[in-house]
Structures are given as C-alpha cells and as structure tokens.
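Enquirer: If you scroll down you'll find the structure; I have some questions about it.
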C-alpha cells in the first residue's frame, strides 16, 4: 500500500470532488467516484490508476490552488500511481529501484550492455564481431541464436511473472473479486479503451496541454508509442514463428512481415516517445508529479534507444557495424525487459486492471 | 464575455477590466455548471425539447410572477441560439449525464463546469485581440446626463481614468459586500457566507445608482441556500451545499425545530432554506439524521459530526442538548408509519406536531447520529439596474442612458425579481451580453 499521507490526501480530494462532480464529463475516474460515498485505501488506489493524467479536471477546477480546498487531482493521483508501482513491485527487495529510477535504469543498461559486449568479444574475438556477415543466420555469427533467445526471454518471462503477482495483489487491495479479472466482456471493454486511448481524449477534446488548452498531441504520441511497441512485439513473434516453424533464419528481407512490422514499430517507439518528451518538457508542472519525472524520462529514453538501435541495425546489417550494433541493441532490450517491473511500464498493468474494474462497475446492475 | 466577443467581432476595440487575478477570473460564472436555454428537440447535450412556453411557465413559477414578462419572454426566445453561439466561441459541452440533477432535458452542461467555460472564453478573447487587464477594479463611474464619460480604475495601486465611447457593465452583484448586505438584512449579514467570488463588491452598481441609474429589485432579494456552516467565507461554490435536509430534523441553536423539512423535493426547496436559517439565532441551524439516512443524499464536502447519542451530538454541535433531545423525542412520537420513498414525496408524515414534517418523516432513533451545521450562503443578489430590450441602462427619468449597457447579474433582477431556476443566470448573461456588445459596438462606430 502506498504511503499513508498520499492516500489521505487522495481521500480528502475525492471527498471534495464527490460533492461537486462538475468533472463527470472528462473521464472514467469521476463516474467511478460517484459510485462511492466513502473512500478507503483501495478505492483511491483504484481511482488513481484509472486516471490517465489528462489534466482536464485540474484546469476546470474551481477548487484548485489558490483556493483553500487546494484540489489537484492529476498531481495527487500521479503521486499515488508512482507509489503503486513501487509498492506492488515484486519481489519487494527491488522496490528501491522505483526511487531514483532513472539512475538505476541507466546503470542497469550500461552494465548489461558492457557485460554482453565483453562476453561476446571474449568468446567470438574482435575479428568476428567486426566482420561483415550476410545471408541467413548472419546475426548468429556474432551471437548464437539460442543465446539471444535465452537472454531476452528469461527477463521477459520474469517481468510477466512479477507483473502478474503485482496485479493480483493490486486486484485484491482495490476490493475486486478474483473472477472479475477474467470476465471476457470486461477485459474486452478495457482492451478497447486502451486501444483507442479513450481517456486520453479527456472529455473528447484531448488532454490539457501546455496549459488549459485542449490538445490531442499527448494521445497521439502515446498511440505511436503503444502501437509501436505492439508492432515490435508482433515482429518478434512472427520472426520466432519463422525460425522455429519454418526454419527460416534472420535477417529477413526488407519487405518481409517481421521487418515491415519491426520497422513501423521501431519508428513508433522513436517518434511517440520523442513527442511525449517534448510535451513533458513544455507542460505546466503544477498538475504533475514532478518528483518522479525521472521514471517517465528513463522509460521514454529506453524505448527511443531500443527503436534507434533496432533501426540502425536494420540499415547497417550488411556492414562491419552490424556486430557492435547487435550487441548494443540486445543490451538495451535486455535492460528494458529487466527493468519492466521496476519502472514506468508498470502503468500499463495497473491501468489495465483498473479499466477492467471500471468496465464491471459501469455495467448496469 | 459575450459582450466583449460580440463587440470585437464587429470591429470595435475592446478593453476588458477584470477585478480578479487570473486564478479567480470570470466572476461567479466560474462556479456555474450549465445554461437553461430554449430548444425544440434533444441534441448532443440535452435529452429532449424545452420550448419557450415551458421555459416561460417555469420562470413565472419560480419568480412567482415577479418578473418583467416582456423582457423575460424576449430573453427566453433569444436563448435559443445561445449554445450554438457558445460552441462557436470554443466553449465545450458534455453529453447529458447528470440525470440526478433533473436538468438533463432543460439545461446544457459545460464540460468541466464554469471555470472550464471561462478558460475557453478568455482564450477566445486573446485570440481576437481583446485587451484584458487583471486586478483592475472600477472604483467609480463618471456619468453626466445619462452619458458615460470615464471610469476611475484602480490598478497596481494607482487610480487611472479610463475613457471610452461606450461601456458595458458586467460587474456582477454585491453579495461579497457585507456592509451593503446589512442595508437589507441588518447586522445578521455578518454571519452570511458568500458562495461565489469575493470580487463581487458591487462598486460599479453603487456608482451607477449614485449617478442616477434606475434601480430594480429589492436590496434584500438574493438567491440564498443552506450550506455547510464550516464552508469558507467566500468562494465555497457548489460543493458546500447540504442536501440531507428532507431526511433530517432541523433544529436551531436552542434545539427547536422551525420549519417543515419535508415540504417538497429538495431541488424545489433548497433555495428557501437560506432565508429560514438566517432568521434563527446566530443565523445557524443543524440538520440531524441517523444511520438510516446515510447515503440517501449527495455526499458532502465536510464529513458529518457523528455521535452515539443525541446528547453527545448536541454537545459537539453546540446545541442545547436537553432541548434537542426533547424536540426529537416529540418528533419521534409524532411520526406516523408509512412507505418511505427517498425519491419522491412519500406522504410519511407527523401528526400533531408544530411545525409538521409532511414527507420523509422517519424516527431519528438509529445510532450513530449525524449532524451538519448549516448557514445561509448567498449565491447572488437581485438588486440591479433596469434595462430595456437592447440591454441599455435606464436612468431615473425612464430614458435609456446614451452609451451604457448592462449584462449579467447586475441586471438579472429585471427578469428574476425573486426565486431561481438553475441555469437561468447564464442565459440572461449570455443573451443580454451579446445584445449589449452588439449595440455598444454599433454606437461606438457611429
């Protein structure tokens, strides 16, 4: 559970909001709020993770500072969300990675990439790493296929396990029934909400950026990021199928399905996060959790680096730079996966869980 | 706002003098939520039609006929394109969600409420090149023979003389001016709370009346509701209202009841309770409920004061405990059995009690007990300047002022002699603001 003072502030704010309700048109948070009379720890944790940080309710708020009620829902909820990611991180021993997150992510990335580089050089030798390799299995001349598979899938699997455990604890603490997590209609509704990033449209006009102005910029940038990530995942899945089902070894043709998906995805996870970085830089700091901007920045930069090194690898795969680039790209992807449960990626898990909960709540009873 | 935008679009150069800073800009409009307007059918923002005749009938009912019928009818007809016009200015509305308020058919709701609306209005002003000076307060108006010459404006600690060919007064009422309220209410006004802007001190209105503008409305007429006694002195807005009265027993400081709490559904009665409370000792009363009524009404911004016994609750509230226990015992004894229904008048009544509680009368007997202190909260005042259909200010000789127009709360008394129907203020402000802006711009050009 997040810190008492953060929870208490969220409860204080929700009690004020619940007696006003002017913001009901913005997003899911307020309809979910009106279903409650009293707010417990689980209720505000749920509502905080339902919040997409569009900030519409802040600029519309007649009780925002300097009013003595000092209502600032987006900031209060952003702080509570960050504490959710920290306190539901599993195993608990890694919770510390969520404080000063950027520093840890950078360190892990450098160390893993360096280890991978040193290891590869020691095993393969400088000449093999810097040679030009072409044709099927070219990448595996530098790092063998099964090594890549083990290196990438192990942390990915661990991340999934960590997230499942975190999500189940979260689900229990927000007071939802276990069976509801697996309700097809609710999950489908939540997937639709995520697919369209419905609540980043605020009340239909976008988030408020850079001040009380409505803008779809943040939603579009997030869509590029999220769908870019999904396309990269799809590219890897198709490539895996090619490798094991058909015995076709990478690199694949520029117009092959994995390369097209991966290229589009790579572009998405570069331009989307760049857009989000620009928005973050120009945005009004008041309705945000400025204490933990580092966590957001670290995640966005990791995605950009993943995309840039991946695209560079594609373009330069038939040159002597392929080996070094493969090591760097793989090192970054490895670090991205390792830090998934201990960084901003966690938002996707608790947001999704909250949207499923909301899908249940809004069903007519 | 509507005056400034309209005048600017007609090519006039416009200076807007705003007494508030940027955070509090927009007067009481930042606390509003919706606009009541004439419309023939359902739209994206309302659930059904609301014709001019029904609007007029509602207005006649709430004001008890205390209105300028010709002007009211004119406003109602002109309100028909108000929402479309606001959309053109960039104002955003939300789909009809607020079924509980019972206004989803008649009123269009601003997405995010009045402050969001004001943000959009100010943005539109900036885009059109309207000059806005914040923290600038008009102290006095220079008017000679019904002609505006200049305004004396305090800004940055200095007094400036601002001349203009025409002027539109949209400076609100005087509800934040306790001294003025005392002229109508006496010393008890010290105990009133002001739900809206602390900037509404009525200086422009006072100066206009001193300069021979014809007043309309009585000094003690205002929209006043019962709000939580713990609310801030100013700017508490919507959240401080207390909706539990119909399910409660309301006692004064002496522990005695003074009015039928269950006369009608709350939306039809909340506006009389401000005055009722104002007549009680120290202008305070206490709504008492028991555990049975928890959750039947809108949640409150302040938690109720809670106790296991009525005597303890009375002590915590500062009410005469023995008297309150006696009052509630008598009330409980008078409650008749019935089918309690929180959503409509249910006929659950008391017998032989003075005053009776005629609906939702249930025994207060299930601890814990809860109490809300309530005081009178003024929303707005009705005393203003008389205007004609062109929104021109009428002077004491019954002739319109040459170059002075008025819109909003400063002239709302022309239409609202008393009483209120939610969203009418926005309609009056928007309709007359647009007319005032148009007329003032035309006059300035000639």
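Enquirer: Can you list, largest first and rounded to whole Å, the semi-axes you get for chain B by taking the square root of 5 times each eigenvalue of its Cα gyration tensor?
Expert: 42, 23, 19
Enquirer: While we're on this one: Classify the range A:113-184 from the C-alpha gyration tensor, please: rounded if a/c falls under 1.5, else prolate or oblate depending on whether a/b exceeds b/c.
Expert: Cα axes put the range A:113-184 in the prolate bin.
Enquirer: If you don't mind, another one. Dimensions of the range B:129-173 along principal axes (Cα, Å, largest first)?
Expert: Principal axes ranked by extent give 31, 24, 24 Å for the Cα atoms.
Enquirer: Based on the alpha carbon coordinates of the protein assembly as shown, what radius of gyration and maximum Cα-Cα distance (Dmax) apply, in Å?
Expert: Rg then Dmax for the protein assembly as shown, in Å: 32.1, 105.
Enquirer: For the range B:381-415 and the range B:293-343, what is the separation of their C-alpha centers, rounded to whole Å?
Expert: One Cα centre to the other: 46 Å.
Enquirer: May I ask what percent, to the nearest 5, of DSSP beta bridges between residues of chain B are antiparallel? Mind dumping the intermediate values first?
Expert: Numbers: 49 of 58 bridges.
Approximately 85 percent, going by the DSSP bridge assignments.
Enquirer: Additional query: For the range B:155-281, with equal point scatterers placed on the C-alpha atoms only and solvent neglected, what are the log10 I(q)/I(0) values from the Debye formula at q = 0.17 1/Å, to two decimals?
Expert: Here the Debye-derived log intensity ratios amount to -0.99.
Enquirer: Next question, about the same structure. If the viscosity is 0.890 mPa s and the temperature 25 °C, what Stokes-Einstein diffusion coefficient in µm²/s follows for the range B:324-446 when Rh is the Kirkwood radius over Cα pairs?
Expert: 129 µm²/s
Enquirer: What number, in percent, do you get for the relative contact order of chain A if the mean sequence gap of Cα pairs under 8 Å and at least 6 apart is divided by its residue count? Provide the component values of the computation, followed by the final result.
Expert: Working: 502 pairs, mean separation 98.7, N = 365.
About 27 percent, as a whole number.
Enquirer: Just for the Cα atoms in the range B:225-377, what are the lengths along the principal axes, largest first, rounded to whole Å?
Expert: 42, 32, 27
Enquirer: Does the range B:176-238 come out rounded, prolate or oblate, given a ≥ b ≥ c as the square roots of the eigenvalues of its C-alpha gyration tensor, rounded meaning a/c under 1.5 and, failing that, prolate meaning a/b above b/c?
Expert: prolate
Enquirer: Also: Using only the alpha-carbon atoms of chain A as identical scatterers, what base-10 log of I(q)/I(0) does the Debye formula give at q = 0.06, 0.07, 0.11 Å⁻¹?
Expert: -0.25, -0.34, -0.78
Enquirer: What's the center-to-center distance, using Cα atoms, between the range A:65-85 and the range B:199-275 in Å?
Expert: 32 Å
Enquirer: Please report the equivalent ellipsoid semi-axes of the range B:41-191, computed as sqrt(5 x eigenvalue) of the Cα gyration tensor, largest first, in whole Å.
Expert: With the √(5λ) rule applied to the range B:41-191, the semi-axes are 33, 24, 18 Å.
Enquirer: Classify the range A:1-149 as rounded, prolate or oblate, taking a ≥ b ≥ c as the square roots of the eigenvalues of its Cα gyration tensor: rounded when a/c is under 1.5, otherwise prolate if a/b is larger than b/c and oblate if not. The partial results should precede the final answer.
Expert: Values: a/c = 3.62, a/b = 2.98, b/c = 1.22.
Judged from the Cα gyration tensor, the range A:1-149 comes out prolate (a/c at least 1.5, a/b above b/c).
Enquirer: Whole Å is fine, so just give me how far the alpha carbon centre of the range B:54-110 lies from that of the range A:138-167.
Expert: 62 Å
Enquirer: P(r) for the range A:1-81, please, calculated from all Cα pair distances in 10 Å bins and given in %.
Expert: 20, 61, 20, 0
Every number in this text was worked out from the coordinates using simple rules, so none of it is lab data. Quick caveat: nothing in here was measured; it's all calculated off a predicted structure.
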